[in-house]
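Some notes on the structure that comes next.
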Amino acid sequence: MEPDFWHERWKLGQTGFHQDAVHDDLVQHANWLLGGGPKRLLVPLCGKSRDLHWAGAQGHRVTGVELSPVAARAMYQEQGLPFDESSVGPFGRVGSTDVSVLTGDVFALQPDILRSTLGDLPDRLWDRAALVALRPDQRPRYLQALRRVLAPGARVLLNSLVYDPTLHDGPPWSVDEPEVRALWEDAQVDLVDRVDVLEQEPRWKERGHQWFRRDLYHITLPDPT
Ligand SMILES: C[S@@+](CC[C@H](N)C(=O)[O-])C[C@H]1O[C@@H](n2cnc3c(N)ncnc32)[C@H](O)[C@@H]1O
């Protein structure tokens with residue numbers, strides 16, 4: 001979608017995708033994603049997700065990327081947490097040393113920008129409602145941006161949604177397993193959980209869907225060293 005679409009959503013408070021709790025998939029898979037010492041976690045298209053401060057409180061360094069400065073500020077204001085504002089290259093930066101949000105376009109990410117917020121390249125990534133929030137034609141460019149900045153051997157926890165696309169046009173878009181495997185091509189892609197969540201998603205039932213699936217992947221990048 002165009003940036004104006006998202007800025008408008010944040011301005012009008014139309015943020016039904018936001019969850020007031022830390023995401024259960026992140027909590028359940030924290031050992032795999034974040035176990036074994038402090039990590040550098042990238043959270044693209046982060047909104048005002050609680051997940052960033054949760055990971056920060058476990059000792060990890062966290063950087064989110066979000067178009068909307070309104071969302072980035074809300075992530076701190078709503079928790080009563082202090083933050084400052086500066087800029088890094090083409091991005092605004094909202095937050096503290098350990099947990100910050102780059103405000104701007106994820107497609108503009110560059111390695112040096114993340115080195116400056118995380119100390120080094122991110123070695124972990126949490127994608128919830130990010131890949132599925134991008135138009136199908138934007139996905140390869142999104143993957144290029146991520147691959148440009150992720151450290152070799154990085155781990156990715158990906159929460160994807162799959163539904164009958166003839167019944168709905170995104171966002172969120174349906175991203176099925178063949179597409180995930182094609183996008184992450186040379187990485188190790190393991191589908192670790194698949195559940196039909198239609199009962200928890202009344203809006204999708206009302207739209208006539210018979211099923212609505214959440215697929216969860218562990219993805220490990222190659223490490224040539
Ligand atoms: C569906 S929401 C998901 C937010 C968050 N991941 C969550 O789980 O609550 C998608 C978010 O991505 C942001 N966004 C959309 N396109 C973007 C882009 N090109 N670069 C950075 N952020 C973007 C939107 O402003 C919106 O907050």
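Does at least one position in segment 144-161 carry a residue that is farther than 15 Å from Pro44 by Cα and within 16 Å of the ligand (Cβ to nearest atom)?
Yes: segment 144-161 contains one or more residues that are farther than 15 Å from Pro44 by Cα and within 16 Å of the ligand (Cβ to nearest atom).
Provide a single number: the residues in segment 41-86 that are in contact with a Phe, Trp or Tyr (Cβ under 6 Å, 6 or more places away or on another chain) and in contact (Cβ under 8 Å) with a residue 60 or more places away in the chain.
5
Tally time: how many residues in segment 207-222 are at pLDDT below 95 and either in contact with an Asp or Glu (Cβ under 6 Å, 6 or more places away or on another chain) or under 19 Å from Ala182 (Cα atoms) (or both)?
0
What is the number of the single condition among (1) surrounded by 17 or more Cβ atoms within 10 Å (Cβ to Cβ); (2) in contact with a strand residue (DSSP E or B) (Cβ under 8 Å, 6 or more places away or on another chain); (3) over 21 Å from Arg115 (Cα atoms) that Trp32 does not meet?
Among (1) surrounded by 17 or more Cβ atoms within 10 Å (Cβ to Cβ); (2) in contact with a strand residue (DSSP E or B) (Cβ under 8 Å, 6 or more places away or on another chain); (3) over 21 Å from Arg115 (Cα atoms), the lone unmet condition for Trp32 is (1).
Of the residues Asp20, Asp4, Asp84, Asp24, which is under 19 Å from Tyr217 (Cα atoms), more than 9 Å from the ligand (Cβ to nearest atom), surrounded by fewer than 16 Cβ atoms within 10 Å (Cβ to Cβ) and of a type outside the set (S, T, N, Q)?
Asp24
Failed condition for Arg147, given (1) surrounded by fewer than 19 Cβ atoms within 10 Å (Cβ to Cβ); (2) in contact with a helix residue (DSSP H, G or I) (Cβ under 8 Å, 6 or more places away or on another chain); (3) modelled with pLDDT of 95 or more, with all others met?
All conditions pass for Arg147, except number (2).
Filter segment 169-216 down to the residues that are aromatic (Phe, Trp, Tyr) and more than 16 Å from the ligand (Cβ to nearest atom), then identify the one that is surrounded by the fewest Cβ atoms within 10 Å (Cβ to Cβ).
Restricting to residues being aromatic (Phe, Trp, Tyr) and more than 16 Å from the ligand (Cβ to nearest atom), the top hit is Trp211.
Kindly indicate which of Asp51, Asp25 is within 20 Å of Leu81 (Cβ to Cβ) and among the acidic types (Asp, Glu).
After applying the criteria, what remains is Asp51.
With respect to Thr117, determine if the residue is of a type in the set (Ser, Thr, Tyr), loosely packed, with under 14 Cβ neighbours inside 10 Å and under 24 Å from Ala74 (Cα atoms).
So Thr117 fails the test.
Would you point out which residue out of Asp193, Asp223, Asp164 is more than 23 Å from Ala108 (Cα to Cα), in a loop (DSSP other than H, G, I, E, B) and out of contact with any Ser or Thr (no Cβ under 8 Å at 6 or more places or on another chain)?
One residue alone meets the criteria, Asp223.
Of the residues Lys39, Lys48, which single one is within 9 Å of the ligand (Cβ to nearest atom) and either more than 17 Å from Leu146 (Cα to Cα) or surrounded by fewer than 24 Cβ atoms within 10 Å (Cβ to Cβ) (or both)?
So the residue among Lys39, Lys48 that is within 9 Å of the ligand (Cβ to nearest atom) and either more than 17 Å from Leu146 (Cα to Cα) or surrounded by fewer than 24 Cβ atoms within 10 Å (Cβ to Cβ) (or both) is Lys48.
The values are calculated or read from the model by the stated rules, or taken from the named source; none is laboratory data. These numbers come from a predicted model, not from an experiment. In this analysis, Cβ positions are derived from the backbone assuming ideal geometry, glycine residues included, and neighbour counts consider all displayed protein chains.
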